[in-house]
Structures are given as C-alpha cells and as structure tokens.
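In what follows, a structure is listed as structure tokens, so that the remarks can point back to it.
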Amino acid sequence: MRIHYLQHVPFEDLANIEAWAKGKDHSVSKTELFKGEGCANQAFEYDGRVIGLQFHLESTVEGVNKLIRNCGDSLSLTKYVQIPREILSQHNNFLEIERVMNKLLNCIEGI
C-alpha cells in the first residue's frame, strides 16, 4: 500500500498512522508544488489526479468584500495577514489568481 499525505506545517506528520504504515512495509510520501514563507506547503499534487491547495483561487473582489463585511473583525493582524484595505487595493492580484485558476482548471480538464 502507498500512503501519501499533505503536510500543512513543517511540524505536522502522520503520527501513529506513519508508524503503523511503516510497520506494515507500506510506503509513505508527500508532494509539494509550491512553498511560501508564511506556509511551507501551499499546493500539492498526488498521483497526477489529486490537487490540494492551501489558498483560494476562487476569490473575487466581490467575494472578498462579502468576507470582510461578515467576518473582517476576526482578522488577526499578524505578519501574513493584510488589513482589508490592503487586500482590496491589490486589483492585479485578483486578475492573477483568476488567470492561475483558469490555467489550473484547463489542465485538470485535459486529464
């Protein structure tokens, strides 16, 4: 058996599952597609069929506005969290994530 997992933070592992898998001579692996300073593992691909994303390519200006209106007060202003004004002022970012999302979906469609 082959077990593949998605690690969200560097200290996260499979814990007891990994010991069980290795005890049964099952292989354990992970795949990283993108790393960022704020989150070491941003995107993953597995076996050419599964993609895991730690970010939201479906975001639009309208959707982020709704999010900020409904739960913007729960944003914790830390190193990797922008204030709403900064988020909404970066229009090119919304255009770029739409471009990346379309490219990703077109690739998936071609599988």
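Readers should treat all values here as calculations from the given coordinates under stated rules, not as data from a laboratory. Note that the structure is a prediction, hence the values are computed from the model and not measured. When we count neighbours, we look across all protein chains shown, and the Cβ atoms used for this are built from the backbone with ideal geometry, even at glycine.
Other residues lying with their Cβ under 11 Å from the Cβ of L57 contribute a combined charge of -1, Lys and Arg counting +1, Asp and Glu -1. The phi-based Karplus calculation (6.51 cos²θ - 1.76 cosθ + 1.60; θ = phi - 60°) puts the 3J(HN,Hα) values of the stretch 65-78 at 4, 4, 4, 5, 4, 8, 8, x, 5, 9, 5, 9, 6, 10 Hz, whole numbers, x for Gly and Pro. In terms of surrounding Cβ atoms within a 10 Å radius of their Cβ, T78, T60 rank from fewest to most as T78, T60. Overall size of the stretch 56-111 from C-alpha positions, given as principal axis extents largest first: 41, 20, 20 Å. Counting only Cβ charges, +1 for Lys and Arg and -1 for Asp and Glu, the dipole size of the stretch 56-111 around its Cα centre is about 140 debye.
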